[in-house]
Amino acid sequence: MAADSNPKQAVDDGAIDLAVLTGALWARRRLLTAVPILVAAAAYGLAGFLPPTFTAKASFLPQQQQQSAISSALASLGPLVGLAGQAPRNSADQFVALMQSAAITDRIIDRFDLVKLYEADYRQDARNQLLGSVRISVGKKDGLIYLEADDRDPKRAAALANAHIEELQRLVSQLAITEAQQRRRFFEAQLKQARDSLTKAQIALQGSGFSRGALRAEPKAAAEEYARLKAEVMKTEVRVQTLRGFLNDGATELTQAQAMLAALRQQLAQAESAGNGGGGGADSDYITKYREYKYQETLYELFARQYEVARVDESRDGATLQVVDTATIPEKRSGPRKARIAVAAGLAAALALAACTLIRAVGARRRVA
């Protein structure tokens, strides 16, 4: 019989405990209301003595990678375009990562002497504090990059925000991040090499001399065709080497490129044999050098054309970053937020007081039991 009454007694005890706890809270309702209000008011007043924080805001638009009508001429180069490099399409995320990199943060630390200003023992501590005071985000709808810099000095806050953009522009110009810049650098190097080869071929051609037999051979048309075939062979060879870097030997695209290369080499061999049979001695030597000259001239014109295309695209793109809003000196402080501090302190006081009341009520109930 006693065993049957235990569950009911346990339920009754639980109900009594809940009633006791509710009653204890209700009995101290004035204290639970007054103390949090006083704590919130005190926190609000004390927050006014905290050092103020100012936030400077800036925004800019990263350069969008575009495909111009002029750039369609690059298709004639085929795999040579791939050698020039491709810039990442998600430039916004890349710029955010660059602004948070050590390359930029260290420059800003040195620029504003933040190690001394932050009273940091190590450079890494100053870097972490700088990263904590600067917030960078990318707008989902407009694609703009927003930058907010916090500092106790409003002028330094604006300077920090603008310095991030300035250092980013400087770093980007050094890294040649845009596609046009990469293509321009690539074709600039190729153009220089082609110019040197063309000069050597021209000197060799001038030293070969002229003869009636060479003039009767009319090598111009044959030499131009030979130069075109040789240039096509070079482009196809580069294409095959590029495809082998990321395709299997049995891939369809690689097989087609190899077949095209074999056909072009056969045509080139036929052109060479036909040219060699056109004469002998000085005539043959002149024709051979003339063909080499036309080949180097074709390459030079090819790279010069693509170099100009890259320069046009680069100048059209203009600045890599387009600043929308330059950070200005903030007029109002952004922190500390006294209302938020007061609410948080009041809630913390209410929870702590309620917890103490409940603990005392449970303890008193157990002593009575």
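The values are calculated or read from the model by the stated rules, or taken from the named source; none is laboratory data. All figures in this text were calculated on a predicted structure; none of them were measured in a lab. For neighbour counting, all protein chains shown are included, and Cβ atoms are generated from backbone atoms with ideal geometry for every residue, glycine included.
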Tell me, yes or no, whether segment 152-167 has at least one residue that is at pLDDT below 90, among the hydrophobic types (A, V, I, L, M, F, W, C), in a helix (DSSP H, G or I) and surrounded by 20 or more Cβ atoms within 10 Å (Cβ to Cβ). no
Quick one: GLU179 ticks every box in (1) surrounded by 18 or more Cβ atoms within 10 Å (Cβ to Cβ); (2) modelled with pLDDT of 90 or more except a single one, so which number is it? (2)
In the list ALA102, ALA3, ALA92, ALA19, which residue meets the criterion of being small (Gly, Ala, Ser), farther than 30 Å from ARG366 by Cβ and modelled with pLDDT under 85? ALA92
Cβ pairs under 7 Å, 6+ apart or interchain, first in segment 91-102 and under 15 Å from LEU144 (Cα atoms), second in a helix (DSSP H, G or I) and not aliphatic (A, V, I, L, M), ordered by first then second residue, are MET99/HIS164
Is it fair to say LEU261 is within 30 Å of PHE186 (Cβ to Cβ), modelled with pLDDT of 80 or more and surrounded by 13 or more Cβ atoms within 10 Å (Cβ to Cβ)? yes
May I ask you to list the residues in segment 309-357 that are at pLDDT below 85, loosely packed, with under 15 Cβ neighbours inside 10 Å and within 31 Å of the chain's Cα centre (by Cα)? SER315, ARG316, GLY318, ALA319, GLN322
Conditions (1) under 30 Å from GLU188 (Cβ atoms); (2) loosely packed, with under 11 Cβ neighbours inside 10 Å; (3) at pLDDT 80 or above -> SER72 fails only (3)
Is it the case that segment 338-353 has a residue that's closer than 30 Å to PRO51 by Cβ, part of a helix (DSSP H, G or I) and touching a Ser or Thr at 6+ places or on another chain (Cβ under 9 Å)? yes
Just the residues that are in contact (Cβ under 8 Å) with a residue 24 or more places away in the chain and of a type in the set (Lys, Arg), please, taken from segment 19-37. ARG28
